[in-house]
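To keep things clear, I will list the structure first and then write my remarks on it.
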Amino acid sequence: MLKKFLFVDLDDTLFQSRRKCPARDDLIPAAYLKDGSAHSFATPTQGSLFALFQREATIIPVTARNADAFRRVRLDFPHGGIIDYGGVIIAPDGRPETPWLERSAALAARALAMLKALHQRIETQAVASGATVRVRIIKDFGIPFYLCAKSQEGDEDALDAIEAMVRHDGAALPLRVHRNGNNLAMLPDWLDKRPAVEHMIERLRRAHGEIITIGMGDSLSDLAFMHACDYALVPRASQIAARMEAA
């Protein structure tokens with residue numbers, strides 16, 4: 001029988017923040033904040049699906065979370081995973097794989113000037129409009145991966161204006177823009193979950209021969225890595241499902 005591998009996004013796929021959960025008292029804590037309080041929860045349906053794949057497949061998480069946030073997920077991933085939007089591959093022992101980390105460091109160095117310039121433009125617009133926006137270059141393992149903007153007051157209208165500026169002025173830049181509520185992420189083109197998933201699939205095929213791969217995610221930004229798999233699985237309440245229904 002062929003070995004099965006599930007490459008799965010985490011947030012809004014296997015679990016979500018409490019405010020996105022249905023009102024019920026049987027939610028399962030799945031991820032925690034730095035202070036130790038539960039922040040994200042799985043529904044019984046999500047928990048049962050995870051248990052099913054634990055029995056039937058090797059589960060490999062593919063997440064935007066950095067190493068610290070990934071450690072605060074309380075699901076069992078003994079086979080390692082892909083974090084930082086594909087910038088880091090975590091080995092089963094919990095350590096980053098050195099060759100992939102070195103690849104990411106080299107690619108990130110080339111994109112840093114672009115991220116710094118965009119950082120300044122966003123801050124300038126935020127000040128001019130009176131919006132309180134926190135703009136950061138997100139780093140992990142010392143590598144500057146991408147730019148993130150959030151409204152300090154949850155003012156999504158202010159973030160709408162910044163997103164419009166980034167999409168217009170940055171249209172010619174090697175950049176992808178991903179928006180999810182009060183989180184605006186600007187990723188250099190090199191930073192993508194798909195190359196990391198393809199790298200792992202190639203390695204797994206060398207080790208096991210023919211295999212079955214399944215990609216599961218909720219966001220439009222997950223589609224690329226899901227397309228690298230044999231099959232794709234999508235939650236009903238997701239960006240991808242909404243786009244499919246609208247089409």
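Think of the stretch 111-188 as a dipole: +1 on every Lys or Arg Cβ, -1 on every Asp or Glu Cβ, centred on the Cα centre; then among Q125, I143, A172, I143 lies furthest on the positive end. A simple charge model with +1 on the Cβ of Lys and Arg, -1 on the Cβ of Asp and Glu and nothing else charged puts the dipole of the chain at about 380 debye relative to its Cα centre. Only helical runs count toward this figure. For the chain, summing -39,500 (n - 2.57) over DSSP H runs of n ≥ 4 and dividing by all residues gives -12000 deg cm²/dmol at 222 nm.
Under the criterion of Cα pairs below 8 Å and six or more residues apart, the relative contact order for the stretch 111-188 equals 27 percent. Subtracting the Cα-Cα distance of H227 and A207 from their residue separation scaled by 0.36 nm leaves 5.0 nm.
Solvent-free Debye calculation, one equal scatterer per alpha-carbon of the chain: log10 I(q)/I(0) at 0.16 Å⁻¹ equals -1.30. According to the calculation over all Cα-Cα pairs in the stretch 111-188, the P(r) per 10 Å bin from zero is 20, 58, 22, 1 %. Using 0.36 nm times the number of residues separating Q120 and Q54, minus their current alpha carbon distance, what extension gain do you get? Full extension of this stretch gives 19.3 nm more.
Every number in this text was worked out from the coordinates using simple rules, so none of it is lab data. All values derive from a computational prediction rather than experimental measurement. Backbone-built Cβ (ideal geometry, glycine too); neighbour counts: all protein chains shown.
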